[in-house]
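Asks: Would you mind keeping the following structure in view while I ask a few things?
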Amino acid sequence: MTVSEKVAYLKGMMEGLDFQADTKEAKLIKLMADILEDIALELTECQDDIDDINEYMEAMDEDLTNVEEELFGEFDDEEDGCCCCDECEDEDCYEVDCPHCGETVCFEEAPEAESFPCPACEKDIPLN
Ligand SMILES: [Zn+2]
């Protein structure tokens, strides 16, 4: 049962009980029932708004997926590339395993320095 249905049920019950609205208590209860009815109405409107927003968001999400496919669809990381990293896509890249943490680091060409800091653990990796 929705809140609106419950309020309608409450109001129907009040009528069925031959509710005497001339006592102070009865006036108070009737006022409360009216307020509940207003709240239920606003709640229903809010729910409708949320449904609209959800629908709009879903449409936006779909559009965004299309844009992403248009932009990035041709670059599939898994299809080419020689190793785990996203940057290098040609086959003759240069790979080094860090002796400290085991991280595989790759370059497009062999670095000229004798060592370089590991991007994962920041310790120096000797190259020769
Ligand atoms: Zn390392």
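Asks: In a shell of Cβ-Cβ distance under 10 Å around LEU127, excluding LEU127 itself, what net charge do Lys and Arg (+1) and Asp and Glu (-1) give?
Replies: -3
Asks: Same structure again: Among the lysines, select those whose C-alpha is under 23 Å from the C-alpha of LYS30, and discard any that sit fewer than 8 residues away in the same chain.
Replies: By straight Cα distance, LYS30 reaches LYS6, LYS11.
Asks: What net charge do the residues around ILE39 carry, taking every other residue with its C-beta under 13 Å from that of ILE39, with Lys and Arg at +1 and Asp and Glu at -1?
Replies: Here the count lands on -4.
Asks: Given a Förster distance of 25 Å, report the FRET efficiency between LEU10 and ASP51 from their Cβ-Cβ distance, rounded to the nearest 0.05.
Replies: About 0.45, to the nearest 0.05.
Asks: Can you list residues whose amide H is under 5 Å from ASP124's amide H, if they're 5+ apart or on another chain and H is modeled 1.01 Å from N?
Replies: Close amide H contacts, sequence-distant or interchain: CYS118.
Asks: Between LEU64 and MET1, what length comes free when the chain is fully extended (0.36 nm per residue of separation minus the Cα-Cα distance, one decimal in nm)?
Replies: The LEU64-MET1 span can extend by a further 19.0 nm.
Bear in mind that the values in this text are calculations on the coordinates, not laboratory data. Note that the structure is a prediction, hence the values are computed from the model and not measured. Positions of Cβ are generated from backbone atoms using ideal geometry, with glycine treated the same way; all protein chains shown enter the neighbour counts.
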